[in-house]
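Below is one structure; the comments refer to it alone.
The values are calculated or read from the model by the stated rules, or taken from the named source; none is laboratory data. No experiment lies behind these values; they were computed from the predicted model shown. Reconstructed Cβ throughout: ideal geometry from the backbone, glycine too, with neighbour counts over all protein chains shown.
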């Protein structure tokens, strides 16, 4: 640590500030949006003020001077709000929100990501905020600060000056975190007369001294008219990393109420006083909150998950060997290892699980801004924000959800006038919900708007040659068209949507996450899009099947049931690849044929019935070996064009099994069948019973239309 | 990299495909494995032999003989998988190559290496960095990056035309 160059350290601090800053910004944003709905909420105002204060303070500490200077006026404004000297208005919230965007830009400036903050916009926001807060722009920041009551120097104060006794003992890591006790003392001096007594008794001999550690504690007496809050604000960055006790030295005071030990710091102080009395007592910075959460780089977690994945593979091999060996002692150890590995895997997966709240809350802002831009009144209702998903899944959900919400706001929700005419509430509600469903998570975006105009979609699909004019299409088939690239029924392209890109992005991202999309819509009543996503991407619950000599894994989430297929069945069906499942005719694909496997199929094969977003179908395999939980490995660049294989996994015996993606496999089969039909010049057009299944390919290639039905799946 | 850029003494791993001797810069070679069970990925061109488990990672294996228009590799006791690190479009990937047998690690001076002849070799000349001389024998030093980027292209092209059915299915 000590050998690290200073610049590297500074960069590290900057990065940790960036991370902290991003979190504060997110929190500020949601607090502001809530405040917009409830102007008088003092908790929210306090939260916003603290956030701004931290941004400003830590910002200047870590060399983000521009950011700190910019935040200063906002902080002043919210300080006035806090003290009841300024009303919260929609304009103030709006200005602050746009200020947050600029702050975010300033935060990311050095990283080269994002667009740099716009000077003109910043200046504009500042002058607006100053106007709203009634701050004169000529004043120096220090003077402005002085004009706020919390920072009143005693001479100017209308209130009585009191003396406070403060005990401040920095924790050992305080200086490593970039805090400077001298600055804190400086800040206290700004509040009034300060007498400082440094306690040096714990300073070790020079040889043992760690130069990055703070050994000094201070006893301070502060004469000020400012309240307890103002004093505590000075310690805001170090609060969690020091021993701090603030008490009123002079007897009777008007501020006594503030001294009630309801506050955390005060409590700490009390506890401290007791603890300090007993030698070897725990110090304040040891309190539980500090150890309850850790910030860990995502790569380290990925590494951990990879290692656990490999461990699972090795453990499977161990179990297999132990089974062959018939040695109870070995079996015992193998079982123990199996149990531990299972627990370890579950634990390491859980580490990666984060609640979806952050992603959801982010959209409040989007809805707020869009309703203003579109002149519509929309409210965002969030449900199940605590639902946890794999971090990778969450990271990739943001974009598709954004597109869905934009789509709802632009196309779904009607203007307030139209809504009034239809007898609906003027304010529309977009509902964002998440809930568990087995090993999947369902995330739905629903609105109470106009619904999808089925006829318009249908007409557009016909116009684009995706469907024939006489095709009978079910609702879900019609809705599936909207996910095609470039498909839009909007007559006009707006800033918000209409280019037909959004829904295509949604489909691609969700497919990339091995998820599915379901659309429900009722004309006049609204639309609901449900995304079904796996809880995690790293491990898959699958069924191990065998075709020829190769093992394949089918995702359990896609498989419905398993049916026997005998030779007699094939003969009885006249060679058609269709099976009757309780009255429903389901087409099937013989993987042996599709994969060109040589050799004779077993007398009894198994049909695995799978559900994909293009419908149900069967996959014929030689044998089903059983359940398996496997770690997904990437097949790598060399096989990236083999789309129906979503990955590979290593089995207990050390061989590689391929994980099939039933949806893509079906597309592959159909593409292949279409081409082969072109060769069969005189192919008959009959056999329409499987039309419904084949026709529902809209998710697939663009020219897959219902007319491609017929006897595709026959041999 | 052409033969002109070979200016220092380097070590090469030599191996046989059919009766031809080929060589790879050892800097490119990660390890040599005994033949392990290869999982075939269906509906891919023949030269893409499949994937193997290399200590927990899934590594693609290529049948080099098919890349060089020889017959398919017959699996024998001497058959090996040469695991090489290949750079494709600035991305480093690990690929295994089937070899009929691996011979030795050979040190060659730059003057022992001659440019590849324009004609007279069985494989595409742009795949050959140079011809090394060992006694009276010529050794083809492969430009493995180039071989694989060409093969990768071929694989993608094959995938595009893969939709074209085979005659037996159309019948």
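Quick notes on this structure:
- Among the conditions (1) in contact with a strand residue (DSSP E or B) (Cβ under 6 Å, 6 or more places away or on another chain); (2) at pLDDT below 80; (3) under 30 Å from residue A:211 (Cα atoms), residue A:161 misses just one, which is (3).
- Members of segment A:603-615 that are touching a helix residue (DSSP H, G or I) at 6+ places or on another chain (Cβ under 7 Å) and either part of a loop (DSSP other than H, G, I, E, B) or more than 13 Å from residue A:553 (Cα to Cα) (or both): A:603, A:612, A:613, A:614, A:615
- The set of residues in segment A:402-413 that are in contact with a strand residue (DSSP E or B) (Cβ under 8 Å, 6 or more places away or on another chain) and over 12 Å from residue A:367 (Cα atoms) contains only A:412.
- For segment A:652-669, a tally of residues being modelled with pLDDT under 85 and more than 10 Å from chain B (Cβ to nearest Cβ) returns 4.
- Selection within segment A:379-408 - buried (at least 19 other Cβ atoms within 10 Å of the Cβ), free of Cβ contacts under 8 Å to residues at least 60 places away in the same chain and part of a strand (DSSP E or B): A:380
- Any hit, segment A:576-589, residues being in the same structural domain as residue A:545 (by TED's automatic domain parsing) and more than 26 Å from residue A:476 (Cβ to Cβ): no
- The single residue among A:141, A:172 that is modelled with pLDDT under 75, surrounded by fewer than 17 Cβ atoms within 10 Å (Cβ to Cβ), in the same structural domain as residue A:198 (by TED's automatic domain parsing) and closer than 23 Å to residue A:62 by Cα turns out to be A:172.
Residues are listed down the side, and each one gets a yes or a no for (1) within 30 Å of residue A:591 (Cβ to Cβ); (2) at pLDDT 85 or above; (3) assigned to a loop (DSSP other than H, G, I, E, B); (4) within 14 Å of another protein chain (Cβ to nearest Cβ):
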{"position": "B:119", "(1), (2), (3), (4)": "no, no, yes, no"}
{"position": "B:131", "(1), (2), (3), (4)": "no, yes, no, no"}
{"position": "B:139", "(1), (2), (3), (4)": "no, yes, no, no"}
{"position": "B:147", "(1), (2), (3), (4)": "no, yes, no, yes"}
{"position": "B:152", "(1), (2), (3), (4)": "yes, no, no, yes"}
{"position": "B:155", "(1), (2), (3), (4)": "yes, no, no, yes"}
{"position": "B:161", "(1), (2), (3), (4)": "yes, no, no, yes"}
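- Hey, residue B:77 more than 14 Å from chain A (Cβ to nearest Cβ), assigned to a strand (DSSP E or B), over 12 Å from the mean Cα position of the chain (by Cα) and within 30 Å of residue A:549 (Cα to Cα) or not: no
- Here B:51, B:41 are screened, and the one residue that is at the interface with chain A (Cβ under 8 Å from one of its Cβ atoms), in a loop (DSSP other than H, G, I, E, B) and modelled with pLDDT of 90 or more is B:41.
- Top-ranked residue in segment B:97-112 [being closer than 17 Å to residue B:27 by Cβ and out of contact with any helix residue (DSSP H, G or I) (no Cβ under 7 Å at 6 or more places or on another chain); ranked as nearest to the other protein chains (Cβ to nearest Cβ)]: B:102
- Those residues of segment A:625-654 which are more than 21 Å from residue B:45 (Cα to Cα) and in a strand (DSSP E or B), in sequence order: A:625, A:626, A:627, A:628, A:629, A:630, A:631, A:633, A:649, A:650
- Considering segment A:562-609, the residues that are within 12 Å of residue A:620 (Cα to Cα) and within 14 Å of another protein chain (Cβ to nearest Cβ) include one that is modelled with the lowest pLDDT, namely A:577.
- Any chance residue A:691 is at pLDDT 80 or above, away from chain B (no Cβ under 14 Å) and closer than 30 Å to residue A:564 by Cβ: no
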